[in-house]
Amino acid sequence: MSVALVALAFIAVAAPAASQEASASNLCLTGEATVLVGEVEDDFGLSVGVCTSGEEENRTVTIRWSGEGGGDSVSCRAQDCEGTIEYSRYTSAHLTILQLAWRKGDSVQRLYQTLERADLDTPAQATTQHSWQPSGLTAEQALTYPVVSDADPLALMQLEAVIEVRSSTAPLLAKPQS
């Protein structure tokens, strides 16, 4: 009897964790490689997933998001991403900033991953953030929140094998979507 109670207690404790993993992992579909999946710490329960699929010249980048207001996605073939999905990297001796930006309609969303180390005596600090820039707001007015993810601190660098790396000094998505 006590073994059965322990087993039931274990199942009850483990069940919420398993369902959370399932909800986050479903943003990338079977056959897609997961670059990053995370939960945005906002008031809308937003989840974001960055996925890739295909081989060689048929590589595709897909970004899916879902939350309280529903979900959506944007996708493009690697060579056709300009104006839809763009990526940049800034690297210096103590700081790396990766930025992935995508446009859907009149709004722009961005994921930032940073890895910063003030000096060799301190551990590197990694952060991931999401920003949303609805139509009518400037990039400076965008709503920005931290992202909780199990992805590596610089997971977005995987995209460098798929889409063009833009200069960190040029704004992403400067050209309108066609």
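The values are calculated or read from the model by the stated rules, or taken from the named source; none is laboratory data. Note that the structure is predicted; figures quoted are calculated from it, not measured. Glycine also receives a Cβ, built like all others from the backbone with ideal geometry; neighbour counts cover every protein chain displayed. Please note that ligands, DNA and RNA were not included when accessible areas were found on the heavy atoms of the full protein model with its side chains. Shrake-Rupley method; radii C 1.70, N 1.55, O 1.52, S 1.80 Å.
What the table below lists for this structure:
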quantity: Filter result (touching an Asp or Glu at 6+ places or on another chain (Cβ under 9 Å) and of a type in the set (V, I, T)) within segment 98-140; calculated: T127
quantity: Only listed residue being modelled with pLDDT under 95 and touching a Cys at 6+ places or on another chain (Cβ under 9 Å), chosen from E140, E82; calculated: E82
quantity: Filter result for V61 (outside any loop (DSSP other than H, G, I, E, B), of a type outside the set (D, E, K, R) and in contact with a Gly (Cβ under 8 Å, 6 or more places away or on another chain)); calculated: no
quantity: Residue, most open to solvent (accessible area, probe 1.4 Å), within segment 154-177, restricted to residues that are among the aliphatic types (A, V, I, L, M) and in a loop (DSSP other than H, G, I, E, B); calculated: A174
quantity: Options A142, A151; residue that is open to solvent by less than 80 Å² (accessible area, probe 1.4 Å), in contact (Cβ under 8 Å) with a residue 60 or more places away in the chain and under 18 Å from W65 (Cα atoms); calculated: A151
quantity: Segment 127-139 - residue that is exposed (fewer than 15 other Cβ atoms within 10 Å of the Cβ) and of a type outside the set (S, T, Y) and, of those, farthest from the chain's Cα centre (by Cα); calculated: G136
quantity: Any hit, segment 94-112, residues being over 12 Å from the mean Cα position of the chain (by Cα), in a strand (DSSP E or B) and without any contact (Cβ under 8 Å) to a residue 24 or more places away in the chain; calculated: yes
